[in-house]
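Heads up, the thing below is written out as C-alpha cells.
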Amino acid sequence: MTWHVLMAGVLVLASPTGDPDPRLPSWLFDRVLPFSRSIEKTAACVESPVRATADPYALPMMATVQHGGAYGSARLTFGDSPFGVTVNAAGNHLYDLRVETSGLPKPPGVEHIVWVATPDLDQVTKLGVLDDEGRALGQVTYNKMLVFVTAERSTDLDRWSGPILLRGISASGLMHTMAGHGPFLGMPC
Amino acid sequence: MASLVAVGATLGVVAAHGQPTVQSAGDSSVDHSMHHGSAGTDPARWRMPPMSPNMPMPPGLEGMIPPQTPFLPGIGTDPATVPDAVFREVVELRDGDSIDLEAGLVRRTINGRTFVMYGFNGQYPGPLIKAPEGATITVNFRNGTEFPTALHWHGVRLDNRFDGVPHLTQEPVLPGGTFEYRVFFRDAGIYWYHPHHREDITQDLGLYGNLLISSRDADYYSPVNTEELVMLDDILIDDVGLFPYGQEDATQALMGRFGNVLLVNGEPQYELEVRRGDVVRFYLTNVSNTRIFNVSFGGAPIKLVGSDVGLFEKEVWVESVPIAPAERYVVEVLFETAGDFVLSNRIQAIDHFRAEFVAHEDTLGVISVSAEPTETSHRDAFDRLRLNTAAIEEIDGFRRHFTRAPDHQLTLDVEIGALPLPLLQMMAVDTLYYPPVEWNDVMPEMNYHATGANVRWIMRDEATGRENMDIDWRFRVGDVVKIRVVNDPSSAHPMHHPMHLHGQRFLVVERDGVEATNLVWKDTALVPQGSTVDLLVEMSNPGSWMMHCHIAEHLETGMSAVFEVEG
C-alpha cells in the first residue's frame, strides 16, 4: 500500500467529528496526524459535516483532528471569461478556488499549504500557501476535487509531506454510483 | 434532501392529473429503441427514447409513456409529395426591400435517412437574410404548418408590433394564414428568426434562419478571407425515425430535448475548404432546444470578436466557444497550416449512473486547409487584438450603474408533479450533485416523461412573490434597470437557463459577485445552476416584451414573463 493510498484513506475515513476512525490503525494517526494528541474537540467540527449541499460551489472543510477552533471553507467561482460559463477546450470548468481558514495551529517554522487533488489522488496541485489571514486563492480545473490544508516545513514542495489539518470535497465528489440503490438495487455497477 | 421533501409534497398535491400512462405488455408501440432493440415502424408512436447502452433502464419506467399524444409533422401526408429541402439561399436586402417567407413541410435527408420536417421557403436552414444597419425590410409571412405561429426576430430591437409573440404582440398566424412583418435593424450584428409558439417542435424541426446585419462602419470588423455562418443544432432520431413530440404539451420538460444527431446548418457533417493562411470569420448561432455547445477548431487559434448585439470591448484569444441556446458569438480563426481541422464539440459529460465525468467529443465537421497559400494574408490584422473604442465609449455611459443595488430579483425554480415514482426516486439520488450546466442528457428515459402536465418552470419576482406571467414590471424608455437573476440550486431539479429578453439589450455586469471585465451587449445570457447573474438592461424600446428561458421546453412549461416599457 502506497503512501498516497494511505492518505486517501485518511481523507475519506476521518470522521467529521475529528475522532480517529476506528477502521484506521492508530499508527497511521501517529504518523499522519501528530497534532491530534493535544487538540480539543470543538463544536465547529461537529456542526460542519460534509453533506449533500444545496450550494454546488461550496466546499465545507473540516478538521481532520480534534483541534480547538480550527475551521475552513472553500468556494468555487467561475474564472474570468467573456462567456456565460468558463471552460477550457476540453470542457473542463475553470474555477477560482478561494480557501478561508481560521484557528489552525502554526508552530514556528510551519507553513500551511492548500492542495487540490482528484479523489483518487492521481493528480495533485498546490493551490498556494495560506496567508497571514488564513486565506489562499488559486485556479482549478478538476471535475471532482479534494481540497486540504497541510502543515509543512517548506513551501517548495510538489506533494505534501506534513499532516493534513483540514479537508473538504467538492459537491461533485459526493456523486455516488446508483448501482445497488433505489430502483437500481440488484443491478451490477 | 430538501429537494426530496419538496418533490414528495408536490406529488401529493397534483397526483390527480398528468399521470404518465402505463403501456400494456406486448404493445409494440412502446420500445426502448436502440437499447433493447426496436419494434414497430410507425414513427409517430411512443417508444423509449434512444439512450446510451451503458445506462440501465430504471425498473418501473420500462413500458411507461408520456401522457401526451405523440406528434410528428405531415402524418397522413405521402412523403413523396413533400418537396425536397434545399440548402439555404442568401438574400441580400436593402432598406425598403421585401421578402416572402413561408413555413411549411419539407423532406430532409439526414445520414441517408429521409424525414418530413419543416423549412422556410423549402430550405434548411431558412434563407440567410443580409441587410444593412438601419434598414427596414418587409417580410410577407405565410404559415404552411399545422400549428398557429408567429415569427420572432431574435435580438432585433424592432417595433413591438412585429416582435412575433402570439397573443402578446399579435394574434397567432393560423395554419394557412399570413402576416406582414416590418423588421427594423437598429444594430449591426448576427441575429436569427424562429417561431414563437411550440418552438420545441417547429424550431427543432428546422424553422430557423440567420439575419446578418452589416455595420455602417467599414472598419467594424477586421479584414478576413471569408465569412461563414454556422447554426448549431441537434435532433433526436432513433431506429424508427424522428422521435415524436408531445402534441398537447412539450415532453422532455426537465432537461429540454437533447438530440442525438448534431447538425451544423442542418447537416450532420459541416465541410469548409480554405487555403493555408486564411482567416475565417465564423458567426455562430446555437438554435438547439437545450444543448450548450463547446466549439473549437482543431487547435486553430480563435479570436473572440463579438456576441449577440455587437462587439466586445476588447478582442481576446479563447480556447473554445461555449455557446448556449439562442446565443451568438463572432470569432475569427486562423488556419495557418495545411491539413484537416476538426470542428468539435468537446464536453465533460456526466454519467449519473456511475457518478463519473466522461470526456466526450463530437465531430461537427472538418475544415480542410489546402497547401495553396492564401491569396491575401490578413495575418497582421489577426495577430492584433483590437480595443473597440466605440463599444467602450457607449458602455461608459452605463458604468455608474454597475455596482448599484439591483432593481429587481428573479429567482429561477421548478415545481414537479406527478412523475413516475422510479423517476422521483432517481431524482432524489440525483440531488447529490448538479453540474453548472447540463452538457448532455444521459437519462433520456427519465426526461421524456417530464411534460407540461407535470413540470412547471418558474421565474419568481422576489419582491412580490409573483411568478411567470403574473409578474408585472413596468418601465419607461430610458430607464436603466438592474435585474439580478438567481438560479436557485435548492430547487427540485436545478439546471442552467439561457435567459432572453425581447426587444432590449443588456450587459452582463456581474457573475456570482465578480464584476465582468470585458463587456458586450447581449439579448441572451446563460445562468448556470446555482449562479447569480446581474443584467443591466437599457430600456430603449417601447412595448410589451417577453423575457424567458430559451430552453424551448422550459418556455413551453411556464418559464416566461412580460414586462412593459412605456414610450
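Remark: B:Glu438, B:Glu315, B:Glu228 ranked as B:Glu228, B:Glu315, B:Glu438, counting other beta-carbon atoms within 10 Å and listing the fewest first.
Rounded, prolate or oblate, given the Cα gyration tensor of the stretch B:141-276, with a/c below 1.5 counting as rounded? Verdict is oblate for the stretch B:141-276.
Over all other residues within a Cβ to Cβ distance under 10 Å of B:Ala371, the charged ones net out to +1, with Lys and Arg as +1 and Asp and Glu as -1. Once backbone amide H atoms are built at 1.01 Å from N, B:His152 has B:His194, B:His196 as its partners under 5 Å, excluding neighbours fewer than 5 places away on the same chain.
Suppose R0 equals 41 Å. What FRET efficiency, 1/(1 + (r/R0)^6) with r the Cβ-Cβ distance, do B:Arg113 and B:Thr517 give to the nearest 0.05? FRET efficiency, B:Arg113 to B:Thr517: 0.30.
For B:Ala405 and B:Arg474, FRET efficiency with R0 = 25 Å and r from the beta-carbon atoms, rounded to 0.05?
Values: r = 19 Å, r/R0 = 0.76.
My answer for the efficiency is 0.85.
Roughly what % antiparallel, to the nearest 5, for the DSSP beta bridges in the stretch B:399-566? Display every interim value, and only then the final one.
Numbers: 37 of 46 bridges.
Bridges in the stretch B:399-566 are about 80 percent antiparallel.
Applying the Karplus relation 6.51 cos²θ - 1.76 cosθ + 1.60 with θ = phi - 60° to the stretch B:196-204 yields 3J(HN,Hα) values of 10, 8, 6, 5, 4, 9, 6, 5, 4 Hz, where x marks Gly and Pro.
Please order A:Trp160, B:Trp457, B:Trp545 by the number of other Cβ within 10 Å, starting at the fewest. Before the final figure, lay out the partial values.
Numbers: A:Trp160 19, B:Trp457 29, B:Trp545 23.
Exposure proxy ranking, most exposed first: A:Trp160, B:Trp545, B:Trp457.
Grab the other residues whose beta carbon is less than 15 angstrom from that of B:Ile75, score K and R as +1, D and E as -1, and report the net.
Value of the local net charge: -1.
Taking a point 7 Å from the Cα of B:Asp95 along the Cα-to-Cβ direction, the residues of the stretch B:149-186 with backbone N closer than 18 Å to it are B:157-159, B:182-186. Shielding by partners for peptide B:509-516, expressed as the average number of C-beta atoms from other protein chains within 10 Å of each residue's C-beta, is 3.
The HN-Hα couplings worked out from phi for the stretch B:336-353 by the Karplus form 6.51 cos²θ - 1.76 cosθ + 1.60 (θ = phi - 60°) are 7, 10, 6, x, 9, 10, 8, 7, 10, 10, 10, 9, 10, 6, 10, 9, 5, 5 Hz, whole numbers, x standing for Gly and Pro. Residue exposure proxy: B:Arg108, A:Arg153, B:Arg257, ordered by other Cβ atoms within 10 angstrom of their Cβ from fewest to most, comes out as A:Arg153, B:Arg108, B:Arg257.
If you take each beta carbon of peptide A:170-177 and count the beta carbons of other chains within 10 angstrom, what is the mean? Kindly include the intermediate steps, with their values, before the conclusion.
Values: counts 1, 6, 8, 3, 4, 13, 5, 7.
Average neighbour count from other chains, rounded to a whole number: 6.
Compute the FRET efficiency between A:Asp80 and B:Glu566 as 1/(1 + (r/R0)^6), taking r as their Cβ-Cβ distance and R0 = 30 Å, and round to the nearest 0.05. Calculated transfer efficiency: 0.20. Electrostatic tally near B:Phe282: other residues with Cβ closer than 10 Å to its Cβ, Lys and Arg +1, Asp and Glu -1, net -2. Taking a ≥ b ≥ c as the square roots of the eigenvalues of the Cα gyration tensor, the stretch B:82-214 is oblate, since a/c reaches 1.5 or more and a/b is not larger than b/c. For the stretch B:463-477, putting each phi into the Karplus relation 6.51 cos²θ - 1.76 cosθ + 1.60 with θ = phi - 60° gives couplings of 6, 10, x, 6, 10, 6, 5, 7, 5, 10, 10, 10, 9, 10, 4 Hz, in residue order, rounded to whole numbers and with x for Gly and Pro.
In the stretch B:375-416, what GluC sites (Glu not before Pro) fall in a loop by DSSP, with at most 16 other Cβ atoms inside 10 Å?
Details: sites: B:Glu375, B:Glu393, B:Glu394, B:Glu415; in loops: B:Glu375.
When the GluC sites (Glu not before Pro) of the stretch B:375-416 are filtered for loop state and at most 16 Cβ neighbours within 10 Å, B:Glu375 remain.
Dipole of the stretch B:82-214 computed with +1 at Lys/Arg Cβ and -1 at Asp/Glu Cβ about the Cα centre; of B:Pro175, B:Trp153, B:Asn121, farthest Cα towards the positive end is B:Asn121.
Taking square-rooted eigenvalues a ≥ b ≥ c of the alpha carbon gyration tensor, is the stretch B:227-378 rounded, prolate or oblate, where a/c under 1.5 means rounded and, failing that, a/b exceeding b/c means prolate?
Details: a/c = 1.97, a/b = 1.78, b/c = 1.11.
Note, shape of the stretch B:227-378 comes out prolate.
Per residue of peptide B:432-440, the mean number of Cβ atoms on other chains within 10 Å of the residue Cβ is 6.
Could you work out [θ]222 nm for chain B from helices alone, using -39500 (n - 2.57) per DSSP H run of at least four and dividing by all its residues? Round to the nearest 500 deg cm²/dmol. Walk me through the intermediate numbers first.
Details: 6 runs with 45 residues, N = 567.
Theoretical 222 nm ellipticity from helices: -2000 deg cm²/dmol.
None of the figures in this text is laboratory data; all of them are computed from the coordinates on show. Small disclaimer: the values here were computed from a predicted structure and weren't measured. Neighbour counts run over all protein chains shown; Cβ positions are idealised from the backbone, glycine included.
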